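A quick write-up on the structure given underneath.
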Amino acid sequence: MSPKYIVAFNRDRDFYQVPIALAKAGKLERLITDFYTPDSLLGSSFLKDFLKRRSTPHIPSSLTASTFRALFLQFVIRLPFISESRRYKLFKRLDRILSVKAGKLAKESNAQLLIYSGYAKEAFEAVKGTGTQRILFVYHPHAQLPEEILEEDFKSSPEIAWSRNLHHLESKLSDNNRLTEEIKMADLVITASSFTRKSVRHILPDYKNITVVPYGTREDYLEIPLIPSNGEKCKFLFVGQGVQRKGLHHLIKAWEESKDLNISLTLVCSVIDPGITDKIKELGIEIKQNLSGDQLKQEFAQADVFIMASLVEGFGLVYLEALAAGCYTIGTENTGLPDLGLTEEVGDILPSVDSATVAQSIQTAHQKWESGKLNKQGIRDFVSQFSWDRFQSAIVEAVDQTAHKR
């Protein structure tokens, strides 16, 4: 009989695609999460948007297990008077609650484990010595390599001290040893990008059992109407937090160097490092915040080029969204873009992150736009091959190979 798996994570991580993959293959024993909408409530008008978002038609609620304690902690974490340090501690407690429940259920049902990083330690420990498969999905890079990259970057970019300090706080409060322990206990590690795999081997160079499965493209973004790239200016778009990790400070410096080109830039950011806001205003760059889902899709539709020179990304789903909307896409090697095999007609992958490299890529994209070589339909056709169905099949293949080896 084919083995079945218990999956555990908080919220609606990755649109439930990992448990969907197992459910479609008849391999899902149970999804452990903070809250999953019971089938009986899906037609309810009460909290309709929330209830719809916390479910998927591919997984019946009978294959899930929610915990009131985890849901209650989600509510407490969002209270405005909770300090940042307390908030992180509560998140860690929530992680442990889900992990303990997953381990207990695995022992009771004799099921295998496919757990997201951060939720695996107690579950893996609970089944130690039982022969249960322990598979870990590492969706964020291990912190050590990103920390070194950001620290080196800060030496030449002191203006982003605010977001650098914010990242330091997050690193201090996060339990990096927990991820290392989870990896050591895992029979297989799955990552969404080669960069995340690199971060694992950076801390554990002898760990070999790592499979890269790139994420899939959102179907609703493939349905965004394509607006031809023939406007008065070449329109660039950045979508993300305006902090050091996303490389916005390098983009702003590069934009100043490129101001003689016929280009415009829109930033869609919930937060921007105060150290670069004055320069953004000085350059006349447009900032937009609090956009609805439809408004954000419209920004992608109107853009010719998407640019986010991230220093660190576990993958960067926004790149897939941009490509699906037909945007020529600029990113870096420290993202999931190299795993897509981008051609020069589709985008540009920067080998390093600095203002000169970013400025050169801006100029290249502008030249393509000016000569009419930005083909939005061609870009969409390229990325459409990276479907969620493809992701799901690769997940099932990875767990099957691990089961076969055992």
Cα gyration tensor category, rounded, prolate or oblate, for the stretch 163-245 with a/c compared to 1.5: oblate
The chain, relative contact order in percent, only Cα pairs under 8 angstrom and at least six apart counted: 16
Volume per residue that the Cα convex hull of the chain spans, once the total is divided by residue count, Å³: 145
Violating pairs (Cα-Cα greater than 31 angstrom) within the set 198/373; 48/121; 233/281: 198/373; 48/121
When each of 92/128; 101/297; 52/297; 89/279; 246/288 is checked by Cα-Cα distance, pairs over 28 Å: 101/297; 89/279
In nm, spacing of pseudo-spin labels at residue 203 and residue 152 (7 Å Cα→C-beta vector): 1.8
Distance (nanometres) between label positions extended 7 Å along Cα→Cβ at residue 82 and residue 286: 3.6
Residues whose placed amide H lies under 5 Å from that of residue 212, excluding near-sequence neighbours: 191
Sum of -39500 (n - 2.57) over DSSP H runs of 4+, divided by residues of the chain (222 nm, nearest 500): -13500 deg cm²/dmol
Computed FRET value (nearest 0.05) for residue 185 with residue 271, which takes r as the C-beta separation and R₀ as 41 Å: 0.70
Cβ-Cβ FRET estimate between residue 39 and residue 12, R0 fixed at 22 Å, reported to 0.05: 0.85
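Read the figures in this text as sums done on the coordinates, not as results from a lab. Quick caveat: nothing in here was measured; it's all calculated off a predicted structure. Note that we place each Cβ from the backbone using ideal geometry, even for glycine, and neighbour counts take in every protein chain shown.
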